[in-house]
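All of the numbers you see were taken from the coordinates with simple rules; none came from a lab. Computed from a predicted model, the values in this text were never measured in an experiment. Here the Cβ is made from the backbone with ideal geometry for all residues, glycine too, and neighbour counts use every protein chain on show.
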Amino acid sequence: MLVKDMFLKNKSYIFINLIILFFIISFKAHSNTEDKTKIINHLSLLKNFSASFLQSDGTNLSEGKVYIGEKRVRAEYFSPSKILIILDDDKAMYYNYELEEDEFFNPRNTQAWFFYDVFRNPDFFKDSEISEKYNEIILEKKGVGHEEENFLIRVYFEKKPLVLRGIEVVIDENSLKLSIYNHNYNQVFNKDYFKLINPDFFN
């Protein structure tokens, strides 16, 4: 009888632990789903928004500012070169102020597409992974891009309050890291600010 009682007691102990583990995992999955939904909503609602950024590819450091409109994204690089990029889903413009050269292109055929998808494509992160470390939430997306290149994108947020802090992009063997600061949630843009037009046209 003693052996039988011990066996039953052990089975009960294991069963209770399994139930506790199930609830912990379920709670964590539910919490992660809630956090991901909240973050995706936060990104999709970033309109009339601007922020400064520092960009590093491991060798070169660039400084600029990103502007988020209703439908388009505008990125301005101030150093080491003054460059303007305006992005829509399938059309974009690149302008080099120093060379006074412009180029119109499909961002899907370049490695600039992530700028648009991160900020203006809320469906992009629906199948992403989410993790939390201290007061930081990390949204991670892996996949194959339009040009059959492998990519990894991580977006970093301060949790409380929820603030976008950085973006890390790895496309094949090329990598970029953007540190984001000086957030402005009430930016006012004129009606031409996101037009795909050479800026010299307005001068």
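Annotations
- Inter-label distance, nm, simple model (7 Å from Cα along the C-beta direction), residue 100/residue 191: 2.9
- Shown in residue order for region 182-196 are the 3J(HN,Hα) couplings computed by the Karplus curve 6.51 cos²θ - 1.76 cosθ + 1.60 at θ = phi - 60°: 6, 5, 10, 9, 10, 5, 10, 10, 7, 5, 9, 4, 10, 6, 7 Hz (x for Gly and Pro).
- For residue 71, net neighbour charge (Lys/Arg +1, Asp/Glu -1) across residues whose Cβ lies under 10 Å away: 0
- In angstrom, the C-alpha Rg and Dmax of region 37-130 are 13.9, 43.
- Those residues of region 120-143 whose amide nitrogen sits under 18 Å from the label point placed on residue 175, 7 Å along Cα→Cβ: 138-143
- Trypsin sites (Lys or Arg not before Pro) lying in DSSP loop within region 64-156, provided at most 15 other Cβ fall within 10 Å: 71, 82, 91, 126
- Within region 78-181, the GluC sites (Glu not before Pro) that combine a DSSP coil assignment with at most 15 other C-beta atoms in a 10 angstrom radius are 98, 100, 147, 148, 149, 173.
- Filtered chymotrypsin sites (Phe, Trp or Tyr not before Pro), region 115-178: DSSP coil and at most 10 other beta carbons within 10 Å: 134
- In order along region 36-42, phi translates into HN-Hα couplings of 5, 4, 5, 5, 4, 4, 4 Hz, rounded to whole numbers, per the Karplus curve 6.51 cos²θ - 1.76 cosθ + 1.60 with θ = phi - 60° and x for Gly and Pro.
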